[in-house]
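**Student:** Below are the structure tokens for one structure; questions will follow.
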Amino acid sequence: MLPYWLLIPAFVIVLATTIYPLAYSFVTSFREWDLTKQRRPDGFVGFDNYLHAASESGFQNSLWVTTIFVVTSVALTLVIAMSLALLLRRKGRMHTFTRIVLILPFAMSPALIGVSYRFMFNPEFGVLAKGLGAVFPALEGMPWLADPNLAMAILVLTDVWHWAPYMTFMCLGGLASIPRETEEAARIDGASYLRIFFGIILPQMKGVLLVTAVLKTIFALKMFDQVVTLTGGGPGTSTETLAFFVFNVGFKWYDMGYASALAWILTAIMMLISIWYVRMLLSDRKMATA
Amino acid sequence: MADVRLVDIEKKYGNFLAVPQLNLTIEDGEFLVLLGPSGCGKTTTMRMIAGLEEITSGDIEIAGKRINDKPPKDRDIAMVFQNYGLYPHMTVRQNIDYPLKLRGVDRAARTRRVQETAEKVELEALLERRPSELSGGQRQRVALARAIVRTPSIFLMDEPLSNLDAKLRVTMRAELKHLHHELGVTTVYVTHDQMEAMTLASRIAIMREGRIVQLDTPKRIYSEPADLFVAGFIGSPSMNLIDGAIAGGVFTAPGVSFPVDQPDRDDVVLGIRPEDLEISTAPDAPVIGKLYALELTGESTLVTLRTGANSVCARGPADHEAEINAPCHFVPKPGARVHLFDRPSGHRLDGLSAKGQTL
Amino acid sequence: MKRHLAWWGERALLVLVSVIVLFPIAWMFLTAFKRPRDAYSLSLDFSPTLQNFVTVFADPWNLGDMVLNSVIVATVTVLIAVPCASLAAYSFSRFRVRGRKFLFFLILSTQFIPAVVIVLPFFLMFRTLGLLDTRLALIVVNLAIVTPFVIWMIKGFIDAIPTDSEEAAMIDGASRLRVIKDIVLPMAAPGILTSSIFCFILTWNEFLFALILTRRDAVTLPVGLVSFRTERGDLWELMSAAGVMITVPIFIMALLIQKHFTRGMTAGAVK
């Protein structure tokens, strides 16, 4: 019985803090509940909340914004993380120093990251806004966060700055588990560096990169803090991600039924990705063992 | 001190039958070695005795008492692990002391016994070190000391020497043998190294696919292997095994003909150890072929010839020299044994099972 | 010669990476020591002052209260999550019990649930119970994201510890609980410490829950940042000072366990 007793405390916590709220919001998503009007939820309205989402422009916008954010941020993070891992895997004093430096962004509060980038991209006295303008005259006087596309770009930038170092460590872990011999053999056979990377390193990193990609996708879908502190969803609704939109519906407009339905749509997206991820990983394992 | 009886024990992992219906009695004071290739179930068997692995069915008795359901701590055993299983956060002294502490031995007695044990395995100078500050051989000694400090009724040793380098392994082997002689405690020892098994054991149980293939003294296992598997497993270099047939009282294979005292039959394997063959120039030698390789081992030369699809190896004098591909003849030494096995079943052929045939 | 170029190129890239990572942090630290007027100039020529720190700790900002809230919430969350998670992680790592895979998957999959989903019902529940704007509420909700993560991480560390020593202890006469206390905990201590610090960082930096569940009394540091956005505009020098307060303790912790930290980051994930 001991194995079960050891599980109980943690399991009670998980049950109470995630499974229960999940079930609760699932039920709420089928009800009408405007918190500004009534204290208790109204009757069940079936799939109305979900149908509402399908036809509402705010939701559609947030879905589009989220897609753009996730795709660019995941792609950039992966490419940068993999490159940094290749750069950092050798031994050396500067390599070690840079590796230590890379710990910092992950430890930094995402809300604070948003705040400091907002400061640095302030068109009047932001150090990056001014600095970039001085180096590249074409960027002089850019509206930065007041421009929808640039605001999205900066949002992606903060996210990549925050996560690429973490993902670099994951890639480094993957690189470390590749036996050196195959690479050395290829070098002795006279393969070029690019050839070695694409022919030998990349195929063996497939599993790690897959895990990294999915984790990053999940984190990107969850990303919320910087939207609040960097752009506030703006300008207009140009950086209103799904997570931020749910937050607005729930805690600005207090439409609990609709917010729950939206939250569940977000959950469903994440679940689908995780299932797909487990599948990919399992088939990858099979291939590896076969 | 005690004997151990395994009665029809069985171990299944899901649908995989790791050990089917094993019976084995280990006598009081005996040094029994479980020998076999990896995955043969020898470690599983030992872990079942230790209580680290539940048995699916059957009974285990120690000193006549059934101990199936007792946790390891109540079985009065001590075990030495392959990777030593030392407590890395404790000093050598604390490591050796821990079993005594758990058994509530009083402080004064504990200090004394740790000291005595440390002296026995020559660790007195290292008592305040941590395992990470010790060499492989010293760690091995700590593991040993921890096992002998409380004089259990049974010692279990799971490949205790396999992580040591070759030279140290030989020294430690002698120490283990001496220790067993001194303490006289029933010992079960798992290894895949036939040399260790031969030198240490009172009896060897050779295991394959969860079954005991042969249980006997080292001497008899060497001289009368029960089947092809044992014949090929014991001895270094291993026994020459040649496929052929018996006709008219002669075993024949390409380039090989041995007179044997057996009725005619096909599908026979003849086995003869390299140390039972010698190089000859006799034109009617039983083994004739072309020299394939010469390997000097120091005290002798291993001479391999090829004939047909077979390679045959003989142990020749250290100063033997010859040209590769030159004709080469082997004859059995006086008193040499040949072994005959049935190819399909691998069993030793009847009528020879008692002694083998001496030429 | 070509090799020489590559060598310098690699060093240059390393410097560039360090600059990109360090610059925003350094700029925040500099701003925290600038007078309001200097904060709006890009000049590095300014006379440093501690005035911003004095200001944020005084009325009306009262950063001290937020520091206290953050410390209490993060500490209590760690103290609850880590012991429970350690036991569960040990069980998952060492026993092959029925339903183990399902339970582990269940706990892991909660990591994929967006925090917004969890906070909605909790907001409603705490509202009914009158627990909004309390530290207790924050602790409860933080446990939701932290616990599965810590179980996962500690399991990774325990998996990496060979079972030999535990088995040796059982044969030496220890019961399972005794084995956990005497052998497993000391051996897993670095991993548990690392996980605790990860857990602390996650809770310390947590923003969404605190934003929704606190108003005045239980506000934590990250949410406190938002309050420096006033009608007079953003008070960058005060925000930076508060940012320094958020960052410094976390950086110290992360750097202290630097070696384990990178291992902890990849623990579990790569497998």
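**Student:** Quick check on my filter: what residues within segment A:229-242 are at the interface with chain C (Cβ under 10 Å from one of its Cβ atoms) and touching a residue at least 60 places away in the same chain (Cβ under 8 Å)?
**Tutor:** A:Thr229, A:Leu242 - these are the residues of segment A:229-242 that are at the interface with chain C (Cβ under 10 Å from one of its Cβ atoms) and touching a residue at least 60 places away in the same chain (Cβ under 8 Å).
**Student:** Are any residues in segment C:158-202 outside any helix (DSSP H, G or I) and either basic (Lys, Arg) or facing chain B (nearest Cβ under 8 Å) (or both), and if so, which ones?
**Tutor:** C:Pro162, C:Gly173, C:Ala174, C:Ser175
**Student:** In segment C:203-220, is there at least one residue being out of contact with any Leu (no Cβ under 9 Å at 6 or more places or on another chain), within 21 Å of A:Pro123 (Cβ to Cβ) and at the interface with chain A (Cβ under 9 Å from one of its Cβ atoms)?
**Tutor:** no
Conditions (1) under 30 Å from A:Leu157 (Cβ atoms); (2) more than 19 Å from the chain's Cα centre (by Cα), marked per residue:
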position: A:Tyr4; (1), (2): no, yes
position: A:Pro9; (1), (2): no, yes
position: A:Phe47; (1), (2): no, yes
position: A:His52; (1), (2): no, yes
position: A:Val65; (1), (2): yes, no
position: A:Thr77; (1), (2): yes, no
position: A:Leu87; (1), (2): yes, yes
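**Student:** Checking the conditions here, which among A:Leu139, A:Leu86, A:Leu102 is surrounded by fewer than 18 Cβ atoms within 10 Å (Cβ to Cβ) and either farther than 26 Å from A:Gly232 by Cα or touching a strand residue (DSSP E or B) at 6+ places or on another chain (Cβ under 9 Å) (or both)?
**Tutor:** None of the others qualify; the one that does is A:Leu86.
**Student:** Can you name the helices (runs of 4 or more DSSP H) wholly within segment C:207-268 that have at least 2 residues being modelled with pLDDT of 90 or more?
**Tutor:** In segment C:207-268, the matching helices (runs of 4 or more DSSP H) lie at C:208-213, C:221-226, C:236-256.
**Student:** OK, next. Out of (1) within 18 Å of A:Thr17 (Cβ to Cβ); (2) at pLDDT below 90; (3) surrounded by fewer than 24 Cβ atoms within 10 Å (Cβ to Cβ), the odd one out for C:Ile161 is which?
**Tutor:** Result: C:Ile161 passes all but (1).
**Student:** Can you tell me which of C:Thr128, C:Thr110 is surrounded by fewer than 17 Cβ atoms within 10 Å (Cβ to Cβ), of a type in the set (Val, Ile, Thr), within 9 Å of another protein chain (Cβ to nearest Cβ) and under 22 Å from A:Phe247 (Cβ atoms)?
**Tutor:** Every option except C:Thr128 fails the conditions.
**Student:** Sticking with this one: Restricting the search to segment A:9-32, which residues are under 19 Å from C:Leu138 (Cα atoms), within 9 Å of another protein chain (Cβ to nearest Cβ) and surrounded by fewer than 16 Cβ atoms within 10 Å (Cβ to Cβ)?
**Tutor:** Across segment A:9-32, the qualifying residues are A:Val12, A:Ala16.
**Student:** Now a separate question. Quick check, is A:Val160 part of a helix (DSSP H, G or I), within 10 Å of chain C (Cβ to nearest Cβ) and within 24 Å of the chain's Cα centre (by Cα)?
**Tutor:** no
**Student:** One residue is enough: does segment B:257-274 have a residue meeting the conditions surrounded by fewer than 13 Cβ atoms within 10 Å (Cβ to Cβ) and over 18 Å from B:Arg343 (Cα atoms)?
**Tutor:** Taking every residue of segment B:257-274 in turn, none turns out to be surrounded by fewer than 13 Cβ atoms within 10 Å (Cβ to Cβ) and over 18 Å from B:Arg343 (Cα atoms).
This table checks each residue for (1) among the charged types (D, E, K, R); (2) outside any helix (DSSP H, G or I); (3) away from chain C (no Cβ under 14 Å).
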site: A:Ala191; (1), (2), (3): no, yes, yes
site: A:Phe197; (1), (2), (3): no, no, yes
site: A:Lys206; (1), (2), (3): yes, no, no
site: A:Leu210; (1), (2), (3): no, no, no
site: A:Phe219; (1), (2), (3): no, no, no
site: A:Val227; (1), (2), (3): no, no, no
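**Student:** Separate question: Restricting attention to segment C:20-62, which residues are small (Gly, Ala, Ser) and touching a residue at least 60 places away in the same chain (Cβ under 8 Å)?
**Tutor:** Within segment C:20-62, C:Ala32, C:Ala39 meet the criteria.
**Student:** Then there's this: From the residues in segment B:3-33 that are in a loop (DSSP other than H, G, I, E, B) and on the phi > 0 side of the Ramachandran plot, which one is modelled with the lowest pLDDT?
**Tutor:** Restricting to residues being in a loop (DSSP other than H, G, I, E, B) and on the phi > 0 side of the Ramachandran plot, the top hit is B:Gly14.
**Student:** Can you spot a residue in segment B:67-89 that is more than 8 Å from chain C (Cβ to nearest Cβ), within 22 Å of C:Pro190 (Cα to Cα) and part of a loop (DSSP other than H, G, I, E, B)?
**Tutor:** No.
**Student:** For segment B:90-104, what are the residues that are aliphatic (A, V, I, L, M) and facing chain C (nearest Cβ under 7 Å)?
**Tutor:** Answer for segment B:90-104, where residues must be aliphatic (A, V, I, L, M) and facing chain C (nearest Cβ under 7 Å): just B:Leu102.
**Student:** Here's another thing I want to ask about it. Would it be correct to say that C:Val141 is within 12 Å of chain A (Cβ to nearest Cβ), in contact with an Asp or Glu (Cβ under 9 Å, 6 or more places away or on another chain), closer than 24 Å to A:Ala268 by Cα and aliphatic (A, V, I, L, M)?
**Tutor:** yes
**Student:** Considering each residue of segment A:234-268, count those that are within 16 Å of A:Ala54 (Cα to Cα), among the aliphatic types (A, V, I, L, M) and buried (at least 22 other Cβ atoms within 10 Å of the Cβ), and give that number.
**Tutor:** Looking only at that region, the number is 8.
**Student:** Looking at B:Val114, is it touching an Asp or Glu at 6+ places or on another chain (Cβ under 6 Å), more than 21 Å from B:Asp74 (Cβ to Cβ) and not small (Gly, Ala, Ser)?
**Tutor:** yes
**Student:** So, one more: Only one of these is surrounded by fewer than 22 Cβ atoms within 10 Å (Cβ to Cβ) and not charged (D, E, K, R): C:Leu221, C:Leu225, C:Leu202. Name it.
**Tutor:** That would be C:Leu202, the only listed residue that is surrounded by fewer than 22 Cβ atoms within 10 Å (Cβ to Cβ) and not charged (D, E, K, R).
**Student:** Another question, if that's okay. Taking segment A:98-134, which residues are aromatic (Phe, Trp, Tyr), under 15 Å from A:Leu172 (Cβ atoms) and at the interface with another protein chain (Cβ under 7 Å from one of its Cβ atoms)?
**Tutor:** Passing the criteria: none in range.
**Student:** Looking only at segment B:121-133, count how many residues are under 31 Å from the mean Cα position of the chain (by Cα) and either within 11 Å of B:Ile96 (Cβ to Cβ) or surrounded by fewer than 12 Cβ atoms within 10 Å (Cβ to Cβ) (or both).
**Tutor:** Final tally of qualifying residues: 3.
**Student:** For segment B:284-312, which positions are in a strand (DSSP E or B), more than 16 Å from B:Val256 (Cβ to Cβ) and not hydrophobic (A, V, I, L, M, F, W, C)?
**Tutor:** B:Glu295, B:Ser300, B:Thr301
The values are calculated or read from the model by the stated rules, or taken from the named source; none is laboratory data. For clarity, every value in this text was computed on a predicted model and none was experimentally measured. Neighbour counts run over all protein chains shown; Cβ positions are idealised from the backbone, glycine included.
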